[in-house]
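Presented below is the structure to which this report refers.
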Amino acid sequence: MRYLQILLLFQTLLLSVLSISSEDEAKIGTFYNEDASTHTNNWAVLVSTSRFWFNYRHMANVLSMYRTVKRLGIPDSQIILMLADDVACNSRNAFPGAVFNNADRGIDLYGENVEVDYRGYEVTVENFIRLLTDRWGPEQPRSKRLLTDENSNIFIYMTGHGGDEFLKFQDAEEIGSHDLADAFEQMYEKKRYNEILFMIDTCQANTMYSKFYSPNILAVGSSELDESSYSHHSDVEIGVAVIDRFTYYNLDFLENVNKNSNKTLQNLFDTYTFENVHSHAGIRTDLFRRNVSNVLLTDFFGSVSKVVVDGVEDDLLSLINFSKR
Amino acid sequence: MLLLSILPLFFCSVLAIRSDGGSSFAEELSLTPLPNGHLHTNFNFNITSSEFASQSNSSSIISNFNIFPNSLINLLSQTNTKNLSIRFTSGYWNSESWGKLPHDGHTSGGNGLELWAKIEASSKEEAFTNWRFLVNSLSGFFCASLNFIDETITTFPEYSFGNTHDQGIYLLRAALPREPICTENLTPIIKLLPTKGRAGISSLLDGHKLFDSKWVSTSIDLNTIDSHNSQEDSIYYKLVINLNNVFNVPMSLSKIKRPLPKPIPGEELNCDYDKFYDAYHCFPSNVYNEGLSFDLDKIFGRKLKIDEKIGDSKICAYVNKTANGELIPENEKQNWELQGVLSSQNKETGHLLFAYAGLDENNCYSIPNKPEKREEFDYKLELKNSYNNIRISDEDKPKIYVSRSITGYELDKGGFRIVFKNPGDEDIDLIYFESLPWYLRLYLNSLKIVQKSLDQQDTVNNEEIIKDISYVTAIDRQRPAKLEMVMKIPKQSIITVTYSFDKSLLLYSEYPPDANHGFELESAVVTLIKYQESTSTSEPKEFDPYYVLRTSTLLVSLPTPDFSMPYNVIILTSTIMALIFGTVFNLLIKRIISEEDYEKLLEQAPKKNLQYFIALLKSKVKSTFQKSKKD
């Protein structure tokens, strides 16, 4: 008899919990429109941290991503491009003003219209953290700032030489995984993003995102701990490797994506096989709210043109007139 | 002396828009052949804003512009900047064989990036604050690391850069000699133009070709001009952009066929049969002997586009006046021929030759206006005569040659050696300007001047070489050294100025990532001046600058530490400390005994068999139990 009472009590409790959760779900469903993104603007931060000519492929990696996000609609004003060295007009470059990511030299990544926001010695850990957290002196121009808000989806791509929980900048200093995690937390607290897609192509890349703890971050890395990331192929005329494997297969997929594509991140992640990348690419989804198989690629790589109007005052015009008076 | 004069040909396009209250836009492309197959090209863009009252607020100013880039105007008005000059340069102008710099050097800069501005302010500090704001904004604007311009490299020139010494106007100047110049610097410049690179001569601007040249120099000059015509106190802005390039024409043409410099295949070799020749030997014949003919789009990589927006566009070409103002004789004009070919959209009809008469009496070349359709134009430039005939006339030779080099090989000290060579028959007055980073500690007392004649004979001159010196010493991490010397270089002489400096050690974090590359020093600026003839004998005398040249940049290596040294030191010292500790520890607590003693002791000791260990375990367990009971 006593046991039955407890059982009943338990049952009612369970039911009530279930009913609440289903109610909540319904609310969320209407609010988020079936796992669709709620962002209203897109930004991209693309960083190549390596100096020197033999790191040509890192510049090519980043410029390939620059080309992709620009092609999918993010304007130059919303792309922060950081290049630690000048390879396009480097005197070693047999093709002045051009950077290629493939030995067939089909696409000139530098093109005719490129805006590099941070270049050369400007690409430092300090500047990168300042950029993410938007902590600048008053003289910092707007074009060199990440002017995001709580509705921004940010695509952050980094490439360079990395190790266990660090990434080298300019062959001189390092950014640690804790630094990056704290910067993201600061961004979250300052409501500087809606969602972040963090992609990194370095050796032991997956260690870089292991310390993240802020919500709504999806992280992708090219290789796990104690594993190298490899370059894809070299161009004998340029004389160096031109692209890394992980980025190559990302692009291989992204080149077939257009602005109206319905391809999801899961489709992209499915191409990260060991046969392709030659290392174990990592995907961290535990901080991310949505299911990656429902997240459109264009949520991060493209630019949204959706406008959300909220809390509009009824008699807006009279309000203006009132303030004028 | 056979002076086959230079054959400069100016091919200019003047596109004028004059519709909205005085604002105007004009552009001009001039082409000048240089010796040894080189070609100097100059794109010149002139944009003038409409006049407006100087006291009007910025919003009304902006609404007045539709040709003038108002983004720059905002910047100027925010920082109280009156004049702004930016120079992007890379490469080398060979004045020995190419003669004077274009525009008498007023539009070229030292290698890297150079910037100077006149800022209106109540104090030097306020001017500097505005300057910092200006350079930071410009760094975002022109995709260059201008934000590295801080107090450690900014100077206040006294005589150079057209300092007018006006009350409340400060002239600030800085240079970044290490700055690469590339497509991302060109993109914002094109965006300043009303044609945006889509029509007119700016449609020829392609980074791939422009940065594949011997010398690139881009200048941007923005001036605020007081208009005196109207009763009101009104001003207008004038923006002049110049893009100078020197192409090696045969090399540019061969790059189209072979993008990479590979050996020419045997069957394509053009041998000089006057010289020894067989299956294994071939002296290539001089390509310039045959004259050159090329399409402009082979040089610039693009065809000229004409848009209806430009309306009454007029493209003209004229043979340049030589420096003394005379036109080139008619017979020599024939050496150049310019054809305009309209690329027809219809492939069946092919190219339509629409005009061929060559040059009109104004040495201009006009293209009929085609407002109904956007068309592409193709220009053919033909040098009929031998390119070898191109010589630099005496008029076009620079009056002075200046070179600067570093002496000494020590890591802690060094010296400068500046050589002024005046081959002419007149004395030359000039201003030598140099700004050096604080980590080079100058000894001005070591300054020595040696005068020699052109054939290196020592000469004695009673006249002073250096008339005046303006020297600002450097302060570590706060201010660069600035040296300005007003000099007179006697005719037919070589003046060598030397002085020495010490190199200082930087702090660990002050070294750049590639410190072993060395530190680039900005070029020195030499301004040739003519004193104004004035009745009053007051000092200082007024002067007019008539030619500006710059020395090449210098690379100085500072004592650079081994950056992994701290880690090595830590590892090494820890190892040594561990060894010492271990030894001392052993010595202190262990007793050294002989082998016999040891064996004796071993016999005395209880045998460590299984029973012994069981007994030991039992006693341990017992003791712990007893302890816990007590608790």
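Is at least one residue of the range B:111-124 on the phi < 0 side of the Ramachandran plot, in contact (Cβ under 8 Å) with a residue 24 or more places away in the chain, crowded, with 21+ Cβ neighbours inside 10 Å and part of a helix (DSSP H, G or I)?
Start the filter on the range B:111-124 by keeping residues that are on the phi < 0 side of the Ramachandran plot, which leaves B:111, B:113-124.
Retained after the next criterion (residues that are in contact (Cβ under 8 Å) with a residue 24 or more places away in the chain): B:111, B:113-122, B:124.
Filter once more, so that each one left must be crowded, with 21+ Cβ neighbours inside 10 Å: B:111, B:113-119.
This time we only want the ones that are part of a helix (DSSP H, G or I), so: none.
Checked against the condition, which is being on the phi < 0 side of the Ramachandran plot, in contact (Cβ under 8 Å) with a residue 24 or more places away in the chain, crowded, with 21+ Cβ neighbours inside 10 Å and part of a helix (DSSP H, G or I), the range B:111-124 yields no hits at all.
Considering every residue within the range A:118-132, establish whether at least one is of a type in the set (Gly, Ala, Ser) and under 23 Å from the mean Cα position of the chain (by Cα).
Yes, the conditions are met somewhere in the range A:118-132.
To keep it simple, each residue is scored yes or no on (1) touching a Gly at 6+ places or on another chain (Cβ under 8 Å); (2) modelled with pLDDT of 85 or more.
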{"residue": "B:Tyr159", "(1), (2)": "no, yes"}
{"residue": "B:His165", "(1), (2)": "no, no"}
{"residue": "B:Ala174", "(1), (2)": "no, yes"}
{"residue": "B:Glu179", "(1), (2)": "yes, yes"}
{"residue": "B:Thr183", "(1), (2)": "yes, yes"}
{"residue": "B:Phe211", "(1), (2)": "yes, yes"}
{"residue": "B:Ser219", "(1), (2)": "yes, yes"}
{"residue": "B:Leu222", "(1), (2)": "no, yes"}
Could you check the range A:87-116 and list, in sequence order, the residues that are more than 9 Å from chain B (Cβ to nearest Cβ) and without any contact (Cβ under 8 Å) to a residue 24 or more places away in the chain? A:Ser91, A:Asp104, A:Gly106
All positions within the range A:135-150 that are in contact with a Phe, Trp or Tyr (Cβ under 9 Å, 6 or more places away or on another chain) and buried (at least 18 other Cβ atoms within 10 Å of the Cβ): A:Pro141, A:Lys144, A:Leu146, A:Thr148
Can you list the strands (runs of 3 or more DSSP E) lying wholly within the range B:475-530 that have 2 or more residues being in contact with a Phe, Trp or Tyr (Cβ under 7 Å, 6 or more places away or on another chain) and buried (at least 18 other Cβ atoms within 10 Å of the Cβ)? B:481-489, B:493-503
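Could you check, for the range A:278-292, whether at least one of its residues is of a type in the set (A, V, I, L, M), part of a loop (DSSP other than H, G, I, E, B) and modelled with pLDDT of 90 or more?
yes
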Within the range A:62-86, restricting to residues that are open to solvent by 10 Å² or more (accessible area, probe 1.4 Å) and part of a loop (DSSP other than H, G, I, E, B), the one that is farthest from the other protein chains (Cβ to nearest Cβ) is A:Gly73
Kindly state which strands (runs of 3 or more DSSP E) lie completely within the range A:117-229 and contain at least 3 residues that are more than 14 Å from chain B (Cβ to nearest Cβ) and under 29 Å from B:Ser145 (Cα atoms). A:152-159, A:195-201
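So is B:Phe45 modelled with pLDDT of 90 or more and of a type in the set (A, V, I, L, M, F, W, C) or not?
Taking the combined requirement at face value, the residue does not satisfy it.
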Looking at this structure, is B:Tyr511 of a type in the set (Phe, Trp, Tyr) and away from every other protein chain (no Cβ under 14 Å)? no
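Please specify each residue of the range A:260-303 satisfying the condition of being of a type in the set (A, V, I, L, M, F, W, C), open to solvent by less than 50 Å² (accessible area, probe 1.4 Å) and under 15 Å from the mean Cα position of the chain (by Cα).
Within the range A:260-303, the first condition is being of a type in the set (A, V, I, L, M, F, W, C), and the residues that meet it are A:265, A:268-269, A:274, A:277, A:281, A:283, A:287-288, A:292, A:295-297, A:300-301.
Now drop any that are not open to solvent by less than 50 Å² (accessible area, probe 1.4 Å), which leaves A:265, A:268-269, A:277, A:281, A:287-288, A:292, A:295, A:297, A:300-301.
Selection gives A:Leu265, A:Leu268, A:Phe269, A:Leu287, A:Phe288, A:Val292, A:Val295, A:Leu297, A:Phe300, A:Phe301.
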Flag if B:Leu447 is open to solvent by less than 20 Å² (accessible area, probe 1.4 Å), touching a residue at least 12 places away in the same chain (Cβ under 8 Å) and outside any loop (DSSP other than H, G, I, E, B): no
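Over 27 Å from A:Ile217 (Cα atoms) and away from chain B (no Cβ under 12 Å): does that describe A:Ala44? Working first, answer last.
Values: over 27 Å from A:Ile217 (Cα atoms): no; away from chain B (no Cβ under 12 Å): yes.
Answer is no for this residue.
Would it be correct to say that B:Ile190 is aliphatic (A, V, I, L, M) and either away from chain A (no Cβ under 11 Å) or assigned to a loop (DSSP other than H, G, I, E, B) (or both)?
Criteria not met by B:Ile190.
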Exclusive hit being open to solvent by 10 Å² or more (accessible area, probe 1.4 Å) and modelled with pLDDT of 90 or more, set A:Tyr121, A:Tyr56: A:Tyr121
Does the range A:174-205 hold any residues that are of a type in the set (Asp, Glu) and surrounded by 21 or more Cβ atoms within 10 Å (Cβ to Cβ), and which are they? A:Glu195, A:Asp201
Which of the residues spanning the range B:198-220 are within 12 Å of chain A (Cβ to nearest Cβ) and among the β-branched types (Val, Ile, Thr)? B:Val216
Any idea how many residues of the range B:125-150 are at the interface with another protein chain (Cβ under 9 Å from one of its Cβ atoms), over 23 Å from B:Ala524 (Cα atoms) and not in a helix (DSSP H, G or I)? 1
For the range A:221-231, name all the residues that are touching a Ser or Thr at 6+ places or on another chain (Cβ under 8 Å) and surrounded by fewer than 23 Cβ atoms within 10 Å (Cβ to Cβ). A:Glu224, A:Leu225, A:Glu227, A:Ser228, A:Tyr230
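Test B:Glu158 against the stated conditions and say whether it is within 20 Å of B:Gly109 (Cα to Cα) and either within 14 Å of chain A (Cβ to nearest Cβ) or part of a loop (DSSP other than H, G, I, E, B) (or both).
Values: within 20 Å of B:Gly109 (Cα to Cα): yes; either within 14 Å of chain A (Cβ to nearest Cβ) or part of a loop (DSSP other than H, G, I, E, B) (or both): yes.
Against the criterion (within 20 Å of B:Gly109 (Cα to Cα) and either within 14 Å of chain A (Cβ to nearest Cβ) or part of a loop (DSSP other than H, G, I, E, B) (or both)), B:Glu158 qualifies.
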If B:Pro566 satisfies all but one of (1) out of contact with any helix residue (DSSP H, G or I) (no Cβ under 9 Å at 6 or more places or on another chain); (2) surrounded by fewer than 20 Cβ atoms within 10 Å (Cβ to Cβ), what's the number of the condition it fails? (1)
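Yes or no, residue by residue, for (1) within 16 Å of the chain's Cα centre (by Cα); (2) without any contact (Cβ under 8 Å) to a residue 24 or more places away in the chain; (3) surrounded by 20 or more Cβ atoms within 10 Å (Cβ to Cβ):
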site: B:Gln167; (1), (2), (3): no, yes, no
site: B:Arg173; (1), (2), (3): yes, no, yes
site: B:Cys182; (1), (2), (3): yes, no, yes
site: B:Asn185; (1), (2), (3): yes, no, yes
site: B:Ser202; (1), (2), (3): no, no, yes
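The values are calculated or read from the model by the stated rules, or taken from the named source; none is laboratory data. Treat the numbers as computed from the prediction; the structure is a model and nothing was measured. Cβ coordinates were reconstructed from backbone atoms using ideal geometry, including for glycine residues, and neighbour counts include every protein chain displayed. Remember, those area values only see protein heavy atoms, side chains included, never the ligands or the DNA or RNA. Shrake-Rupley method; radii C 1.70, N 1.55, O 1.52, S 1.80 Å.
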